[in-house]
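Accompanying notes for the structure given below.
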Amino acid sequence: MERRQFIENAALFGVGLAATAMHSQTAKAGEVAKEPTKASPLLLQAPDVVKTLPQFAEMASMCAGKGDLCVEHCEEQLAKGATEFASCSVASRQMLVLCGTVAKLASMKSVRLSETLDACSAACKACKEACEEHKPHWKHGMHIECKNCFEHCEKMLTEVSKLKNLLAKS
């Protein structure tokens, strides 16, 4: 190891030690003056809702992932001149953005989640309808990406409805 590199590594190590010590002292000081924590108005609190959020976030992420694969497939078809994949591509892109958003909000337990569920539901419905246009080809093993996207949007619509009902009760 060269001298310069040794000095840089030693300096970084020292900075790390100092930061750790400072964090430790701050944490100890905070423990003395800690007040009872209050519930955050930015986080969902209802236990029956909160316990469903990880599974919901996973389902939304999976739906977005299937949408991403569908978009890739549609873009390949569009590049070959098959313009009938345009609406499927657009609907899938919109759905994957909204499913990704609700997945992130659910994982954060954000109170903003309830505000986005209707948009997610509408996007999943539009995506499902656009993918369904390719249904005649599914039995021949064609456009399976659209079939998978369709099926996950269908599941997501059910999950969104369940979560909306839970949120309404809380």
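The values are calculated or read from the model by the stated rules, or taken from the named source; none is laboratory data. Nothing here was measured: the structure is a model prediction, and the numbers come from that model. Ideal geometry is used to build each Cβ from the backbone, glycine not excepted, and the neighbour counts take in all protein chains shown. Note: accessible area is taken over every heavy atom of the protein model, side chains too, but ligands, DNA and RNA are not part of it. Shrake-Rupley method; radii C 1.70, N 1.55, O 1.52, S 1.80 Å.
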(message) Please report the net charge: other residues with Cβ closer than 15 Å to the Cβ of Lys135, K and R +1, D and E -1.
(response) -4
(message) Taking just the alpha-carbon atoms of the stretch 70-144, what radius of gyration and Dmax come out, in angstrom?
(response) 14.5, 44
(request) Please calculate how many Å² of accessible area the stretch 103-170 carries per residue, with a 1.4 Å probe and no DNA, RNA or ligand atoms counted. (result) 55 Å²
(message) Less than 15 Å Cβ to Cβ from Pro41, Lys/Arg counted +1 and Asp/Glu -1: what total charge do the surrounding residues give?
(response) +2
